[in-house]
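Structure first, then comments.
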Amino acid sequence: MSLVLHLPALQVVLPLISAPLAVLLRHGGVAFAVVTAAAWAAFACAIGLWLQVGQAEGGVISYHIGSWPPPWGIEYRVDRLASFVLLLVSGMAALVLPYSRASIEREIPRELHYLYYAMFGLCLTGLLGITITGDAFNIFVFLEISSLSTYVLIALGRDRRALAAAYRYLIMGSIGATFIVIGIGFLYLMTGTLNLVDMAERLRTIESSRPVLAALAFITVGVSLKLALFPLHQWLPNAYTYAPSAATAFLAATATKVSVYVLIRFWFSVFGESLVFHKLPLPQILLLLSLAAMFAASFTAIFQDNLKRLFAYSSVGQMGYITLGMSFDSVNGLDAAILHLFNHGITKAAIFLLIGGLVLGLAKPGAVLPTPTFDRLAGLAKRMPFTCFGIVLAGLSLIGVPGTAGFISKWYLILAAMEAGKFWIVGAILLSSLLAVVYVWRFVEVAYFKPAPEGSVRQEAPLSMLIPAWLLVIGTIWFGLDTSFTVGTATEAALQLVRVGK
Amino acid sequence: MLEHFSHIVTVFLLVAGLFIVIARGNLIKKLVGLSILQTSVYLLYIAPGKLLGGTAPILAPQLSVYSNPLPHVLILTAIVVGVATLALGLALAVRIREAYDTIEEDEILALDHAADAREGS
């Protein structure tokens with residue numbers, strides 16, 4: 001029974017312990033077992049917390065690390081939104097890790113496998129930690145834990161361009177993290193506290209003084225770098241393209257989403273709506289950048305020859321929908337942003353997992369893995385029917401076809417736009433969805449309608465890779481038909497944020 | 001003017017570091033810039049926590065004024081993070097040198113573009 005009370009700590013500590021264990025054991029198979037067990041345990045913790053939040057007083061679980069009461073000690077704080085993001089992050093890890101085993105077999109030298117699992121464990125720790133902590137400086141520390149392990153995960157890609165991509169991400173990510181810590185520094189100087197709740201209360205008395213505005217600016221720009229808000233997305237396409245397939249899928253589904261969570265947390269729970277939305281032109285700026293991302297990034301995606309890079313650019317475009325939802329300053333807008341954060345996470349993870357299997361299927365036995373360029377994909381649907389059909393279904397969700405998860409979040413986004421009276425944005429959402437139709441159709445055309453090269457044999461990806469990927473594909477359909485879990489949770493989270501942020 | 005001395009130094013380091021990161025193409029010089037940028041944060045936290053004549057936070061009858069220890073602890077963590085970032089960045093620079101035979105950003109970009117063009121055709 002007492003173990004249940006310590007779920008918030010276990011959530012972070014279990015993956016944290018698994019990482020050094022994986023390094024000490026120095027064996028790929030054992031490290032795999034340890035980190036996967038930790039990820040599954042973390043997923044169980046997240047489910048437990050999600051259930052607990054519903055019954056908790058005020059809808060918030062507050063856990064005091066070392067029994068030091070906040071604001072002196074570090075507080076772990078789980079509200080509806082945090083429990084939702086925890087569920088997404090740990091669930092993704094629990095699915096991607098079993099997939100990794102077969103996937104990294106040919107992507108990473110065998111003697112480095114244990115390091116891959118160690119880095120994965122650390123990355124998971126960092127992302128869960130950012131989400132659960134209620135302490136501003138703690139956010140920075142967990143952010144760096146997840147970022148540093150992410151750079152290593154990307155650099156493990158077999159192409160040398162992975163190294164350059166990891167280096168570039170390291171530079172831009174560190175600038176972002178430094179900006180965030182500068183912002184937190186200003187807030188600490190002005191309020192004398194690091195606890196987010198305490199900070200929010202004290203900020204009410206000193207709003208709109210200049211250091212607070214500077215803090216808001218630094219934190220917004222820093223987090224925007226991490227969440228790849230257009231035009232700060234330059235690190236993303238190459239990082240996603242050259243990272244190992246499993247790492248790409250995990251990062252695409254979680255890393256940028258957790259950054260969105262940080263932005264929502266600071267904007268609504270710390271600075272408060274009135275400062276962010278009414279005293280500064282932030283919503284207008286965010287609206288413009290979101291629209292730019294939706295069009296420019298999706299447009300760039302159309303002209304990519306490498307399938308992985310195509311969907312990386314599509315990720316930048318889809319992040320635009322999430323930030324667009326935030327810019328409306330309404331419960332419905334926030335609702336749509338939180339929904340799309342979840343729905344896009346599972347959709348994009350499914351696509352990148354399937355592309356990982358597709359690359360394996362393209363490879364000749366014993367040869368180096370090829371790049372998934374379009375000329376190699378001709379007639380692939382005959383050789384890999386399950387993989388290709390999965391990509392098409394998830395692609396429909398990217399477009400936002402009714403019956404898929406992507407439709408639900410776009411529907412709520414359109415509702416929020418109409419509620420705000422901005423009907424031209426509805427048109428923009430529909431137009432940019434057409435761009436998604438174009439890039440998904442490029443894949444369909446090549447894979448289904450071009451003749452396969454002579455002598456190609458049917459060769460599906462291994463089952464250990466197909467099953468996690470298809471679970472996610474089924475998820476995108478499931479959450480498109482039965483929305484009680486996703487919409488219910490997102491609405492509750494949005495209401496809670498706005499109520500507290502007033 | 002003089003009372004803001006530490007802030008002026010902080011802002012100078014911040015801008016100088018950021019400028020080096022953006023303007024220099026050499027991977028090592030970029031990391032130097034990044035370290036300077038991070039150093040400015042250390043100063044931002046540490047300087048306001050120091051009181052003139054203040055001592056370490058010890059409970060003793062003859063001491064009444066002491067400096068706030070919390071910023072020091074925070075920055076100790078930030079320094080560790082900075083060292084880890086620098087170490088990882090340098091390790092990546094070494095690997096890039098082995099793979100590309102150069103650590104100049106423009107040359108690496110040119111090599112990458114050539115590789116992209118080969119794949120596209």
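Only the coordinates and a few stated rules stand behind these numbers; no lab work does. Note that this is a predicted model, so its numbers are computed, not measured. Glycine gets a Cβ as well: all are built from the backbone with ideal geometry, and neighbour counts include every protein chain shown.
Below are the figures for this structure:
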read-out: Residues A:Val438 and A:Leu5, FRET efficiency given R0 of 45 Å [Cβ-Cβ distance, rounded to 0.05]; value: 0.30
read-out: Segment A:Ala217-A:Thr205, length gained on full extension (0.36 nm per residue, minus Cα span); value: 2.4 nm
read-out: Cβ-based charge dipole, the protein assembly as shown, positive-most Cα from A:Ile285, A:Tyr167, A:Asn306; value: A:Asn306
read-out: For region A:31-91: relative contact order, % (alpha-carbon pairs under 8 angstrom, 6 or more apart); value: 37 percent
read-out: Total formal charge among the other residues, if their Cβ is under 15 angstrom from that of A:Ile425, Lys/Arg +1 and Asp/Glu -1; value: 0
read-out: Total formal charge among the other residues, if their Cβ is under 15 angstrom from that of A:Arg110, Lys/Arg +1 and Asp/Glu -1; value: +1
read-out: Within-15-Å neighbourhood charge of A:Ser224 [Cβ basis; K, R +1; D, E -1]; value: +3
read-out: Gain upon complete extension [A:Leu112, A:Val457; 0.36 nm per residue less C-alpha separation]; value: 121.0 nm
read-out: At least 24 Å along the helix axis (C-alpha) and Kyte average at least 1.0, DSSP helices within chain B; value: B:5-23, B:27-49, B:69-100
read-out: Cα-projected label distance for A:Phe485 with A:Phe303, points at 7 Å along beta-carbon direction, nm; value: 4.1 nm
read-out: Calculated diffusion of chain A, Stokes-Einstein form, Kirkwood radius summed over Cα pairs, 4 °C and 1.567 mPa s, µm²/s; value: 57 µm²/s
read-out: Spin-label model distance (nm) - B:Ala47 vs B:Ala84, 7 Å beyond Cα toward Cβ; value: 2.8 nm
read-out: Helix-only [θ]222 nm of chain B, DSSP H runs n ≥ 4, -39500 (n - 2.57) each, per residue, nearest 500; value: -26000 deg cm²/dmol
read-out: Fewest-first sequence of B:Val32, A:Val457 by Cβ atoms within 10 Å of each Cβ; value: A:Val457, B:Val32
read-out: Antiparallel DSSP beta bridges within the protein assembly as shown, as percent of all bridges there, nearest 5; value: 90 percent
read-out: Order of B:Phe19, A:Phe268 under a 10 Å beta carbon neighbour criterion, fewest first; value: B:Phe19, A:Phe268
read-out: A:Ile17/B:Ala91 FRET efficiency (R0 25 Å; Cβ-Cβ; nearest 0.05); value: 0.50
read-out: Lysine pairs meeting the criterion (Cα under 23 Å, 8 or more apart or interchain), as found in chain A; value: 17
read-out: Convex hull volume per residue in cubic angstrom - Cα atoms of region A:225-280; value: 70 Å³
read-out: Value of [θ]222 nm, deg cm²/dmol, for chain A, DSSP H segments ≥ 4, -39500 (n - 2.57) each, nearest 500; value: -24000 deg cm²/dmol
read-out: Helix runs (DSSP H) in chain A reaching 20 Å along axis by Cα, Kyte-Doolittle at least 1.6; value: A:7-25, A:136-155, A:385-399, A:423-444, A:463-481
